[in-house]
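Remarks on the structure that follows.
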Amino acid sequence: MNRLKTYIREGWRDWNYIFRREMHTIFHDDALLIFFVLVPLLYPILYALIYNNETTREVPVVVIDQSHSSMSRDYLRRLSATPDVRIVSYATDMEEAKTRIKKRDAYGIVFIPNTFAHDLVNMQQAHVSIYVDMGGLLYYKAMLLANTEVSLEMNKEIKLSRQSIGQTRAQELATTSPIQYEQVTIYNPASGFAQFLIPAVMLLLLQQTLVLGICLAAGTERERGLQYQLLPVHSHHHGLIRIVTGKGAAYLTLYIWNVVYCLGLIPKIFHLPQLGTAPEIWAIAIPFLLAATLFGMTISGLIRHRENCLMIIVFSSVPLLFLSGISWPWYAIPEFWRTFACLFPSTFGVQAYIKINNLGASLSEVQTEFLALWGQVFFYTFTTIFTYYRGLLSFRKKRNEA
Amino acid sequence: MVSAQGRNNDTGFWNIVRREFRRVIHDPVYGFCLVIAPIFCLVFFTTLMGKGLPTDLPAGVVDLDNTTTTRMVARNLDAFEQTKVVAHYANVTEARRAMQRGEIYAYFYIPKGTTEKVNRQESPTVSFYTNNTFLVAGSLLGKDMRMMAELASGAAGRTVLRAKGATESQMMAFLQPIVIETHPIGNPWINYNVYLSNILIPGILGIFLFMLTVYTIGLEIKWGTGRELMALAEDNIFKAVTAKLLLQTIFFLTVGFLIMVYLYAILHFPCYGGLWRMLIIMALYVLACEGMGLFMLIVLPTLRLGLSFASLWGVISFSICGMSYPVIAMDGWIQGLSLLFPLRHYYLLYVNTALDGYALSNAWPYVMAFVGFILLPVLFVGRLKNIIKNMEYIP
């Protein structure tokens, strides 16, 4: 009984020591502060500002109107009224229009041939051609959207005006549009870029800065030869769990605030969707943070110098964003890369968070991701303990040799 | 090659190169940043998006009418290349749940009585629901479903018109008086692999260029060998820096050219301006990123802070270069900020040269920007020298 008491007391003392020591390290290292505090604080704002306007409005276009008819003018009037494009100039022929594109005065050309009005009057199909610079896919989308809308609208009116007298309204509809349809964009109705990308970037940011910070801290310790002196080795030798939980708790303490900021405050400030309730989001954030911390601690055991982890971890943010299935649909990712993606907490974290936060899914609907995250926690606990165990062994060996 | 026994002036230079060579060989970071990681990314992105456009995206059908005609619609929808009907749901609520679980990105809804209404010429409405939180999947499925609805409507309209004795072209002219013809310039297949890999891969190369430049020079500071280096260079900072960076530059140029050859000659991504022009752009980009990297170290002259600067700048490049979200849609001050990122200029030059096939002279301001980045450290050469010689490393 007494031994157990001593054990607990000592355990608690060591744990406390490790925890505080790690906190001290974090707050006295400017590089660590950059990744643990500054980046999580400023990056979300920067991203939100970049994508703030959500979609491309008013893409500049140049127009070639060879029809010079009231109908072509009507078409262009409606086109310039759409929010997506802005007519910046008129050209007489294709060569001139292409020069404007070349000079980047415009990103698209709308070409109305001289047969346009003639065709419409003679009940022939009339054509409008659009040419889009493909440097950005959003220019194409904006052009296509604006022109499709205008043409559908005019088509409807033309069809109605062609109806023979004496037809009822119902008959008219039956021939002009026998089946009507509507498209409903349930989530992210404005097809906004901020809503699409920022939630995923937030989760990835949390993981990457956490892993980076952990590796930097471990690297510093190793360079100073401190790593396993953290534990008062002289007193006892079974402190692995103490080291792992003590350090882990220090990182988590910081990251709880980062979660509140990145997942709670940022969406509020920038009016991003927030359909999930706080308990639901925490239910995902906690296993995600745990998995990311343990993942980071495992990786930290593999990196020898503190600077090297920057090289390895920073670039991986871009592939990881793609592996999370947001920018490139998850089901379109080849099997091999999907399996590879299961190694990283961000894959499941992003998926679960998006479903809860953007789609309003309940916890039971993200069961797979939830379980996968806990599975990673379990797996990376073992790898972390193994990594630290190996480190401890080599440290003792060195100490005994010395 | 100038031999070590050459003019006295050269001795220092080649000694530094030799010294650097030993470091590069013994430090695994170089192998990782120069070869392994860029090649990994090249393979990763081009295989991940290997199909160009995602195919067989999961979609659902809620067919409450359930007649031969409506079942045909579901089958036809499945025949579209981008759409795969993975499930039929009994009602809209179930379909929405499946969407929330992420099992489908869109569903097509046919209300009860649709076929009957068509037969009675009552013009029924069908709808389709897309999830644009997954922007690419949502908009591609939306496109397919809109086409399906148009086709179904057209088919029904044709039946009515044919009964009235109209010819095929008359029918088309009647159903769709104005048609839009699209001509995407440069990337006519709207291939996402072309659209993304072309910038993502050089972007990642840029991260490594920033970081490795900071690392190579920063290590001298960290290990306190700066004085030794300057002694070898006979106190000539230009000699010291160019000799230090020579090896990594050769490697980066080789990898950069390899990327260009792979993208344009092997994968045949559109390159209307000629491969050699893209090689020139890549070479300028490599040097510009190194110039920027040196500048980072001049601003924050410790290894870890310089590297932090490099990594943050490198990561922001992807968002601010305008590849996916156009810079003209950003706020004014961010538009200005974007000019400080080499990847922004690379992107503009790539569009100009590879996609549009214009001469480099058409985009000369961006070429000049690259030259500016390369010359940037020259402005602070005194400070750089001072840093290398006198900075103390504080771990």
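Annotations
- With respect to the conditions (1) part of a helix (DSSP H, G or I); (2) exposed (fewer than 15 other Cβ atoms within 10 Å of the Cβ); (3) in contact with a strand residue (DSSP E or B) (Cβ under 9 Å, 6 or more places away or on another chain), residue B:18 falls short on a single one, namely (3).
- Selected residue [more than 10 Å from chain B (Cβ to nearest Cβ) and within 27 Å of residue A:157 (Cβ to Cβ)] from A:62, A:37: A:62
- Any hit, the range B:142-155, residues being more than 41 Å from the chain's Cα centre (by Cα), buried (at least 16 other Cβ atoms within 10 Å of the Cβ) and either charged (D, E, K, R) or in the same structural domain as residue B:341 (by TED's automatic domain parsing) (or both): no
- Selection of the range B:316-350 for residues being facing chain A (nearest Cβ under 7 Å), in contact (Cβ under 8 Å) with a residue 12 or more places away in the chain, in a helix (DSSP H, G or I) and buried (at least 20 other Cβ atoms within 10 Å of the Cβ) yields B:318, B:320.
- Scanning the range A:332-365 for residues that are more than 11 Å from chain B (Cβ to nearest Cβ) and not in a helix (DSSP H, G or I) gives A:342, A:343, A:344.
To keep it simple, each residue is scored yes or no on (1) closer than 28 Å to residue A:203 by Cα; (2) surrounded by 20 or more Cβ atoms within 10 Å (Cβ to Cβ); (3) of a type in the set (Lys, Arg); (4) facing chain B (nearest Cβ under 10 Å).
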site	(1), (2), (3), (4)
A:29	yes, no, no, yes
A:32	yes, yes, no, yes
A:51	yes, yes, no, yes
A:68	no, no, no, no
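- Note on the range B:164-207: residues that are at the interface with chain A (Cβ under 10 Å from one of its Cβ atoms), more than 29 Å from residue A:142 (Cα to Cα), open to solvent by 50 Å² or more (accessible area, probe 1.4 Å) and assigned to a helix (DSSP H, G or I) amount to 2.
- In the range B:32-67, the residues that are open to solvent by 20 Å² or more (accessible area, probe 1.4 Å) and either within 11 Å of another protein chain (Cβ to nearest Cβ) or among the basic types (Lys, Arg) (or both): B:32, B:36, B:40, B:43, B:47, B:50, B:51, B:53, B:55, B:56
- Checking each residue in the range A:365-393 for being more than 18 Å from residue A:288 (Cβ to Cβ) and open to solvent by 60 Å² or more (accessible area, probe 1.4 Å) picks out A:382, A:386, A:389, A:390, A:393.
- Checking the stated criteria, residue B:371 turns out to be touching a residue at least 12 places away in the same chain (Cβ under 8 Å), part of a helix (DSSP H, G or I) and assigned by TED's automatic domain parsing to the domain that holds residue B:199.
Listed here are the residues, each with its yes/no results for (1) in contact with a Leu (Cβ under 9 Å, 6 or more places away or on another chain); (2) among the small types (Gly, Ala, Ser); (3) at pLDDT 90 or above; (4) in a strand (DSSP E or B).
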{"site": "B:33", "(1), (2), (3), (4)": "yes, no, yes, no"}
{"site": "B:36", "(1), (2), (3), (4)": "no, no, yes, no"}
{"site": "B:40", "(1), (2), (3), (4)": "no, no, yes, no"}
{"site": "B:46", "(1), (2), (3), (4)": "yes, no, yes, no"}
{"site": "B:60", "(1), (2), (3), (4)": "no, yes, yes, yes"}
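- In the range B:74-125, the residues that are of a type outside the set (A, V, I, L, M, F, W, C), in a helix (DSSP H, G or I), under 14 Å from residue B:58 (Cα atoms) and in contact (Cβ under 8 Å) with a residue 24 or more places away in the chain: B:96
- Output for the range A:291-335, where each listed residue is acidic (Asp, Glu) and at pLDDT 90 or above: A:335
- Among the candidates B:309, B:370, residue that is touching a Leu at 6+ places or on another chain (Cβ under 8 Å), aromatic (Phe, Trp, Tyr) and at pLDDT 95 or above: B:370
- Single condition residue A:42 does not satisfy, out of (1) within 30 Å of residue A:200 (Cα to Cα); (2) not assigned by TED's automatic domain parsing to the domain that holds residue A:260: (2)
- Listed conditions (1) within 12 Å of another protein chain (Cβ to nearest Cβ); (2) surrounded by fewer than 19 Cβ atoms within 10 Å (Cβ to Cβ); (3) not hydroxyl-bearing (Ser, Thr, Tyr) are all met by residue A:15, apart from (1).
- Filter result (of a type outside the set (A, V, I, L, M) and either open to solvent by 70 Å² or more (accessible area, probe 1.4 Å) or not assigned by TED's automatic domain parsing to the domain that holds residue B:125 (or both)) within the range B:79-90: B:81, B:84, B:88
- Scope the range A:299-331; condition polar (S, T, N, Q), assigned to a helix (DSSP H, G or I) and either open to solvent by less than 10 Å² (accessible area, probe 1.4 Å) or facing chain B (nearest Cβ under 7 Å) (or both); matching residues: A:300, A:308, A:317
- Across the range B:248-301, the qualifying residues are those that are of a type in the set (A, V, I, L, M, F, W, C) and outside any helix (DSSP H, G or I), and the one among them that is least open to solvent (accessible area, probe 1.4 Å) is B:269.
- Residue match in the range B:129-137 (condition: farther than 18 Å from residue A:193 by Cβ, facing chain A (nearest Cβ under 7 Å) and without any contact (Cβ under 8 Å) to a residue 40 or more places away in the chain): yes
- Hits in the range B:232-247 - residues which are hydrophobic (A, V, I, L, M, F, W, C) and in a helix (DSSP H, G or I): B:232, B:237, B:238, B:240, B:241, B:243, B:245, B:246, B:247
- Among (1) at the interface with another protein chain (Cβ under 9 Å from one of its Cβ atoms); (2) outside any helix (DSSP H, G or I) - the single one residue B:308 does not satisfy: (2)
- Answer residue from the range B:91-135, given it is more than 30 Å from residue A:327 (Cα to Cα) and small (Gly, Ala, Ser) and is surrounded by the fewest Cβ atoms within 10 Å (Cβ to Cβ) among those: B:113
The values are calculated or read from the model by the stated rules, or taken from the named source; none is laboratory data. Everything quoted here is computed from the prediction, not taken from an experiment. Neighbour counts are summed over all protein chains in view; Cβ atoms, including those assigned to glycine, are modelled from backbone coordinates with ideal geometry. Each accessible area value is taken on the protein alone, full model and side chains, heavy atoms only, with ligands, DNA and RNA left out. Shrake-Rupley method; radii C 1.70, N 1.55, O 1.52, S 1.80 Å.
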